[in-house]
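For reference, the structure discussed in these notes is given below.
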């Protein structure tokens, strides 16, 4: 088994953003599960969720905006990889990203603001021990490169 990505969102409002992560995980053939818990409002629930997956091969992708305590809180309470993928907020002109970037010592979550990037990063972690998944990631990235080549040929013809 490749493992599972647990997409942990701070509220149900993040579901549509998380569906974008899921779309790429599906394309790569990586199993995932959505969960909701808040580091601020339901910290004990977050800890319960972490305990549920303690014996499984998981990577957490945390999705929380505003003051993103969820990502650092999850990372500080698990030895599993944590990828923070906070949704961009026009309301704060993006400055709320600092709550994902500036975390306490001893916390090692990584941050990407692109849902596709979070999914690829999670898949690459599992691909370290799964040659078939490594091949799928490589093929996915090659297809993306092919899109650029195709676009170049198309644009080159424009006058």
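Out of all the residues in the range 1-39, which are outside any helix (DSSP H, G or I), over 22 Å from residue 140 (Cβ atoms) and out of contact with any helix residue (DSSP H, G or I) (no Cβ under 9 Å at 6 or more places or on another chain)? Give the derivation first.
Pass one, the range 1-39, residues outside any helix (DSSP H, G or I): 1-11, 29-39.
Keeping just the survivors that are over 22 Å from residue 140 (Cβ atoms) gives 8-11, 35-39.
Listed by number, the list holds a single entry, 11.
Consider only pairs whose beta carbons are under 9 Å apart and that are at least six residues apart or on different chains; among these, list those whose first residue lies in the range 132-151 and is farther than 16 Å from residue 119 by Cβ and whose second residue is assigned to a helix (DSSP H, G or I).
135/127
Determine whether residue 73 is in contact with a helix residue (DSSP H, G or I) (Cβ under 9 Å, 6 or more places away or on another chain) and farther than 20 Å from residue 119 by Cβ.
The answer is yes for residue 73.
Applying the selection to the range 48-70, what residues are touching a helix residue (DSSP H, G or I) at 6+ places or on another chain (Cβ under 8 Å) and over 17 Å from residue 125 (Cα atoms)? Spell out how you get there, then give the answer.
So in the range 48-70, the residues touching a helix residue (DSSP H, G or I) at 6+ places or on another chain (Cβ under 8 Å) come out as 50, 57, 59-70.
Selection gives 50, 63, 64, 65, 66, 67, 68, 69, 70.
Bear in mind that the values in this text are calculations on the coordinates, not laboratory data. Since this is a predicted model, take the numbers as computed values, not measurements. Please note: Cβ atoms are built from the backbone with ideal geometry, for glycine as well, and neighbour counts cover all protein chains shown.
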